[in-house]
Amino acid sequence: MTTITDPVIDSWYKDVENDLSFKVVAFDEGEDSIEVQYLNGDIGDYDIDTWYNSTFDFIEAPEDWSAPFGVVEADDLGYSDPDSHNKPDQDNMNISDILDK
């Protein structure tokens, strides 16, 4: 099996033969270089010939894809939590406000 998908920056792939997931982080066609970051955080690169003669397949982003990137801001993950998680005002708190109705 050979790769039939083109490398796309910020897309995730899996090396089926070696069971490795990675994200394409840079692609320089002039330099014949595709730079990737593996799920464990390691950086690697492939040339065009190696890419198309490998067993890479497009995949969805892994659930914990941000792990190799260290501390990532919530806004960078592509979602945000609009809910407010403030402490209730304990002076005006009523038990009926807490219980399901």
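The values are calculated or read from the model by the stated rules, or taken from the named source; none is laboratory data. Because the structure is predicted, anything quoted here is derived from the model rather than measured. No Cβ is skipped: glycine too gets one built from the backbone with ideal geometry, and neighbour counts run over all protein chains shown.
Annotation: of all residues in the stretch 1-17 being at pLDDT 90 or above and more than 16 Å from the chain's Cα centre (by Cα), the one that is surrounded by the fewest Cβ atoms within 10 Å (Cβ to Cβ) is GLU17.
Cβ-Cβ under 7 Å, sequence separation 6+ or interchain: first residue in the stretch 27-42 and among the β-branched types (Val, Ile, Thr), partner assigned to a loop (DSSP other than H, G, I, E, B). Which pairs? So the pair list comes out as ILE34/PRO7.
So that you can scan it fast, the table gives a plain yes or no per residue for (1) polar (S, T, N, Q); (2) at pLDDT 90 or above; (3) farther than 16 Å from ILE9 by Cα:
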| position | (1), (2), (3) |
| --- | --- |
| SER21 | yes, yes, no |
| ALA26 | no, yes, no |
| ASP45 | no, yes, no |
| ASP49 | no, yes, yes |
| SER54 | yes, yes, yes |
| PRO62 | no, no, no |
| GLY70 | no, no, yes |
| ASP75 | no, no, yes |
| ASP81 | no, no, yes |
